[in-house]
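The values are calculated or read from the model by the stated rules, or taken from the named source; none is laboratory data. Quick caveat, the model's predicted, so the values are computed rather than measured. Here the Cβ positions follow ideal geometry from the backbone for every residue, glycine too, while neighbour counts run over all protein chains shown.
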Amino acid sequence: MRHSQKLKELERRRRRGARLLAGGESQAEVARRVGVSRQTVMRWDRARQEGGMEALRRAPHFGRPERLSAAQRQELVRLLKEGALAAGFSTQLWTAPRIAQLIETKFSVKLVPTSVWRLLGRLGWSVQRPTGQARERDERAVRRWKAKRWPELKKSLRDKAE
């Protein structure tokens, strides 16, 4: 569940609890039905009595504000989909430092790789690792090397160790 969805769900739970309280349910019963502690219901009840249902609205976003606007985030996704080569890098591999460089170049916003990592997570992107095998891989040469050269290397290493 995404962070904003989770916050909305928590607000719905608070509002449901407040409606139950307003309907005469005990705090203990509301806590059981909504799935929270009794102390939480007590806080909700106090907030509702002091500020009405408006007091139970979702809290404003905490932490630093987003460095990229929604439009810039959409543009970033488009640029990432075009690939690293299209962005001027020597290979198709996206790395956090490369994306940070792209963001700084395109949007004049400097982010450290950790912040880039978090931003990508919020955008729904995940780590993708290359398979690690070259397209040019010669399977016959690999088998030949494993059959002939590797046993020789193992033997010489064993001899040196003794």
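Here are the numbers:
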item	result
The one condition in (1) in contact (Cβ under 8 Å) with a residue 40 or more places away in the chain; (2) not assigned by TED's automatic domain parsing to the domain that holds Ala100 that Gly17 fails to fulfil	(1)
Conditions (1) more than 28 Å from Gln5 (Cα to Cα); (2) in contact (Cβ under 8 Å) with a residue 24 or more places away in the chain; (3) in a helix (DSSP H, G or I); number of the one not met by Leu93	(3)
Leu10 in contact (Cβ under 8 Å) with a residue 24 or more places away in the chain and either outside any helix (DSSP H, G or I) or in contact with a Phe, Trp or Tyr (Cβ under 9 Å, 6 or more places away or on another chain) (or both)	no
Cβ-Cβ under 8 Å pairs, at least 6 apart or on other chains, the stretch 29-42 side free of Cβ contacts under 8 Å to residues at least 40 places away in the same chain, far side acidic (Asp, Glu) and outside any helix (DSSP H, G or I)	Arg33/Glu25
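The rows are residues; the columns are (1) in contact with a helix residue (DSSP H, G or I) (Cβ under 8 Å, 6 or more places away or on another chain); (2) under 26 Å from Gln5 (Cα atoms); (3) at pLDDT 95 or above; (4) surrounded by 10 or more Cβ atoms within 10 Å (Cβ to Cβ).
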residue	(1), (2), (3), (4)
Gly17	yes, yes, no, yes
Leu21	yes, yes, no, yes
Gly24	no, no, no, no
Ala28	yes, no, no, yes
Val36	yes, yes, no, yes
Leu68	yes, yes, no, yes
Ala84	yes, no, no, yes
Ile99	yes, no, yes, yes
